[in-house]
1. Taking the DSSP beta bridges in the chain as the whole, what percent of them are antiparallel, to the nearest 5?
2. Which listed residue (Phe181, Cys165, Val132) has the Cα farthest towards the positive end of the charge dipole for segment 97-190, taking +1 on Lys and Arg C-beta and -1 on Asp and Glu C-beta about the Cα centre?
3. Report which label in (i) 31, 59, 11; (ii) 27, 46, 20, 7, 0; (iii) 29, 56, 15, 0 holds the value of P(r) over Cα pairs in 20 Å bins from 0, in percent derived from the coordinates of this structure.
4. Using unit Cβ charges (K, R positive; D, E negative) and no other charged atoms, how large, in debye to the nearest 20, is the dipole of the chain about its Cα centre?
5. For every other residue with a beta carbon closer than 13 angstrom to the beta carbon of Leu288, add +1 if it is Lys or Arg and -1 if Asp or Glu, then tell me the sum.
6. Sequence-distant or interchain residues sharing an amide H contact under 5 Å with Phe286, placed H: which?
7. Counting Lys and Arg as +1 and Asp and Glu as -1, what is the net charge of the other residues whose Cβ lies under 13 Å from the Cβ of Ala85?
8. Computed FRET efficiency, Cβ-Cβ of Lys56 and Glu194, R0 25 Å: what is it to the nearest 0.05?
Amino acid sequence: MITEQHGGNIFANPVQYDFSANLNPLGLPESVRQAVFDHSDLWEHYPDPYCTDLRKAISKSEHYPAEKIICGNGADDLLYRIVQAFRPEKALICAPTFGEYQKALTENQCSVTEYLLDEKNNFLLTNKFLNVLTPGTDMLILCHPNNPTGRCIPAELLGRIAEICNDNKILLLCDECFLDFVPDSISIRNFMHENIIILKAFTKIYAMPGLRLGYALTGSLEHAGKIQQTGQFWSVSAPAQTAGISALKEKNYIRDTLKLIPQEREFLQNSLSELKIKYYPSNANFILFRAESNLKAKLLSEKILIRECSNYTGLDDTYYRIAVRNHQENQVLISALRRCLHG
């Protein structure tokens, strides 16, 4: 069986329940879907290359200056543009983490050091990390909460990292694409300085991966300008810009999401524990666990897709990641796990 580099490939598998992609289980808001269709007249024109109205809407939502916001064709697009814009020679990332970080860096001839997170400590980043955050590093990429472990970085440690990066002129790129799922979360925004760039996306929280829309909050106008000048000119389509503006109006949708995710994550974690499955406590809308190496194939036979994690540094084919879905879907998954593992 081919190991997918990312979740969500429902086209290669006969899938009824997709737990491999960490998307909002509430689905795309209907108001966003309708807004895209209502503005179809824009599709026959080139989109605004500077995403002026979208950046204004993000600025209002984030309480952040529009001139320091850059939009892109998903968070991945911005990741590659940021690396291309700053051309770091030496970078530091944690592992296991999202594989596109290393790919973007190495494609730009950057030397990458991986800091291995400790499985015995449930993959939580600790103060030991500060020992490797030394002068000579050009860029640090953090994922907060981390993918696939679901762990947030403790607030005090996050502040210390930001401080050290500022003192040593290390560009700190913090991926907070999943932080919107964490109530009362501490963003690196609390420690913002000119050497920080925050990566965010509409993809996960609004369940709109097919529209491809992400944005970056930059610490300086200079950094915003450098990123804007990289990559393709029309990086965000007209439908995506419309969708983003509409999505930011969805306050009840976010409220319902923040109520659903913690209770369903707890249900899944308790159920995994009852099945004697080793899982790693998560702060996010997904859970990492360990089981027998052929579990993905067994679940596929029941038209359930999960994320096998052997392509993550430090993990093997006994590690799996599942998204937190709605209660009915989560019950289906647990019942299938019980059959697959215990007959």
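1. On the way: 19 of 39 bridges.
Within the chain, antiparallel bridges account for around 50 percent of the total.
2. Value: Val132.
3. Entry (i).
4. Details: 35 positive and 39 negative charges, 119 e Å.
Magnitude of the dipole: close to 580 debye.
5. Values: positive: Arg151, Arg265, Lys278, Arg290, Arg307, Arg321; negative: Glu119, Glu308, Asp316.
Charge balance near Leu288 sits at +3.
6. Val324
7. Numbers: positive: Arg81, Arg87, Lys226; negative: Asp77, Asp138, Glu222.
Every neighbour counted, the sum reads 0.
8. Numbers: r = 23 Å, r/R0 = 0.90.
Calculated value: 0.65.
Every number here is computed from the coordinates shown, using simple stated rules; none is lab data. These numbers come from a predicted model, not from an experiment. Cβ coordinates were reconstructed from backbone atoms using ideal geometry, including for glycine residues, and neighbour counts include every protein chain displayed.
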